[in-house]
Structure formats: C-alpha cells, structure tokens
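In what follows, a single structure is set out as structure tokens and then discussed.
The values are calculated or read from the model by the stated rules, or taken from the named source; none is laboratory data. These numbers were taken from a predicted model, which means no experiment stands behind them. With ideal geometry, Cβ positions are generated from the backbone for all residues, glycine too; neighbour counts draw on all protein chains shown. All accessible areas refer to the heavy atoms of the entire protein, side chains included, with ligands and DNA or RNA removed. Shrake-Rupley method; radii C 1.70, N 1.55, O 1.52, S 1.80 Å.
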Amino acid sequence: MTKYGEGVMGGKPLPKIGVFDSGVGGLSVAKAIQAALPEYRVIYAADKRHLPYGNKPLRQIHGYVLPILKDLVDQGCQVIVIACNTVTTTMIDTLRQEVSVPLVGMEPMVKPAASLTKSGIIAVCATPNTLASARYSSLKKVFAKNLKVLEPDCSDWVPMIENNQINRDQINKRIETGCQAGADVIVLGCTHYHWIEQLIKDIVAGRATVLQPEQPVIEQLRRVLTQLA
Ligand code: DGL
C-alpha cells in the first residue's frame with residue numbers, strides 16, 4: 001500500500017482522509033486533495049497487485065476493496081475518497097453499508113457534459129466495468145437521454161498508463177475519431193486517464209472540452225468534512 005502525505009503539522013497529529021484506487025489513477029486525486037486541504041493528512045492506498053479493476057468480475061473486486069477500506073478506517077481515516085470510477089459506479093452503495101465512515105465517490109461527469117455540449121454529442125472514456133454499470137446507464141438515462149454518447153474503446157489504457165508506456169498513436173486515433181464524429185465534450189471517466197489529460201487536450205486542440213471530476217470531488221469532500229466537524 002502506498003502512503004502519501006505529511007503526518008504532523010504544528011506538532012499535532014492531523015485528521016486523516018483516505019484515498020483509494022487500484023493504482024496510480026487515484027494518486028493524482030490524492031495530490032490534489034492534499035494541496036487543497038493541507039490541514040489534513042491524506043493516506044493513499046493503491047491495490048497495485050490486483051489492477052486493472054476495469055475488466056475483472058465485480059465480486060472479485062469487492063473482495064479486494066473491502067479489506068483495504070477497513071484498513072484505512074483502522075488507520076483513523078474519518079472519510080474515504082473512492083478515487084475509482086469503476087468501484088464507485090459498481091459497488092459504492094454496498095460498500096457504504098459495510099464501512100463505518102463516509103465514502104465520497106467519483107463517477108463519469110455525464111450531467112455537466114450534457115449541459116455543456118452544443119453539438120449534442122459527448123464521448124465518455126471509461127473502463128468496461130464502468131460503462132456496463134447500472135449507475136452509468138442511469139446517469140445516461142437521466143441526463144443524456146437526447147444526446148449521442150460515444151464510448152471509445154479505452155480498455156487497454158489503464159495498463160498503458162500504469163506502466164508508463166503511453167501509445168500516443170492509439171490514444172490519438174480513439175480521441176480523433178470522437179472529435180470527427182462531432183463530440184464537443186470528452187469525459188475522463190477513469191482516474192488513470194487524468195495522467196493523460198494534457199495529451200488528450202492537445203489532440204482535441206480546442207474542438208472539445210475535456211472534463212474530469214477532481215475539483216467537484218474536493219468540493220464534495222469539504223461538504224462531508226464540514227458535516228463531520
Ligand atoms: N482508476 C480506476 C477508475 O477510475 C480503475 C481502473 C482500473 O483499475 O481498471 O476506474
């Protein structure tokens with residue numbers, strides 16, 4: 001398990017926030033949270049041993065995730081950010097019944113994308129499990145009923161990013177296809193893709209807005225922490 005963040009400030013132990021993902025995806029989120037909330041200690045847990053989660057059976061993923069979340073609770077985390085769209089969209093309701101602290105999730109920004117698009121076409125980049133989840137399909141039904149939603153095949157992006165072996169041509173092809181089909185909003189629905197956000201922005205070159213949920217999640221986390229105070 002990777003741990004990230006300073007333990008003490010002014011001699012006093014800091015209250016703790018847990019952040020969890022399968023690998024480096026959530027690390028970008030953990031860093032953004034630590035920068036926004038320096039009065040907390042962020043503990044980052046990554047299940048590198050079992051990644052990728054995006055194409056594994058859900059029961060198996062649940063078996064990996066629950067003990068890690070319980071360990072974060074045992075370490076004193078008063079809230080845990082599930083910095084993983086795959087886990088959030090497929091099992092956060094179950095996990096909320098099983099873990100004794102509030103869980104803040106991350107899911108594809110379909111609603112903001114729907115209000116931003118002018119072309120009526122959006123592209124959602126996410127793992128196969130996220131795209132197959134009931135939560136994602138309900139987001140589409142509620143917010144994107146009258147839109148065309150493209151779902152480019154990103155199934156091999158997580159290992160690529162995790163191993164730092166970015167295939168620019170392949171990413172270029174998938175994003176370019178979306179832009180040429182008229183997508184003017186691209187949703188990054190997997191935290192691993194945050195690491196290639198700039199590459200994707202370079203490819204779209206102003207033709208589309210690229211959305212990812214780091215800032216809204218920090219705002220939601222602040223609301224939860226205020227309620228806990
Ligand atoms: N970064 C995660 C997500 O947001 C998990 C990706 C994976 O392990 O396949 O979905």
Pairs under 7 Å by beta carbon, first residue in contact (Cβ under 8 Å) with a residue 12 or more places away in the chain and within 23 Å of L147 (Cβ to Cβ) in segment 157-186, partner within 16 Å of the ligand (Cβ to nearest atom) and open to solvent by 30 Å² or more (accessible area, probe 1.4 Å), six or more apart or different chains?
R174/D153
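Conditions (1) within 19 Å of V224 (Cβ to Cβ); (2) touching a strand residue (DSSP E or B) at 6+ places or on another chain (Cβ under 7 Å), marked per residue:
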site	(1), (2)
L51	no, no
K56	no, no
I61	no, no
C77	yes, yes
L95	yes, yes
S100	yes, no
S119	no, no
Quick one: which residue in D47, D93, D71 is within 9 Å of the ligand (Cβ to nearest atom), at negative phi and charged (D, E, K, R)?
D47
So, in segment 90-123, how many residues would count as being touching a helix residue (DSSP H, G or I) at 6+ places or on another chain (Cβ under 7 Å) and closer than 23 Å to K201 by Cβ?
8
Taking segment 178-229 only, how many residues are open to solvent by less than 60 Å² (accessible area, probe 1.4 Å), in contact with a helix residue (DSSP H, G or I) (Cβ under 9 Å, 6 or more places away or on another chain) and in a helix (DSSP H, G or I)?
17
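Output yes when any residue across segment 53-67 is surrounded by 21 or more Cβ atoms within 10 Å (Cβ to Cβ) and assigned to a loop (DSSP other than H, G, I, E, B), and no when none is. Break it down into steps so the answer makes sense when it comes.
Applying the first criterion (surrounded by 21 or more Cβ atoms within 10 Å (Cβ to Cβ)) to segment 53-67 yields 53-54, 61, 65.
Of the ones still in play, those that are also assigned to a loop (DSSP other than H, G, I, E, B) are 53-54.
Within segment 53-67, one or more residues are surrounded by 21 or more Cβ atoms within 10 Å (Cβ to Cβ) and assigned to a loop (DSSP other than H, G, I, E, B).
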Please determine, by comparing only the residues of segment 75-122 that are part of a strand (DSSP E or B) and under 23 Å from E39 (Cβ atoms), which one is most open to solvent (accessible area, probe 1.4 Å).
Q78
Looking at segment 43-71, I want the residues that are closer than 16 Å to V158 by Cβ and have a partner that is of a type in the set (D, E) and assigned to a helix (DSSP H, G or I) with Cβ atoms under 8 Å, at least 6 apart or on another chain. Which pairs are those?
K48/E162; L51/E162; P52/E162
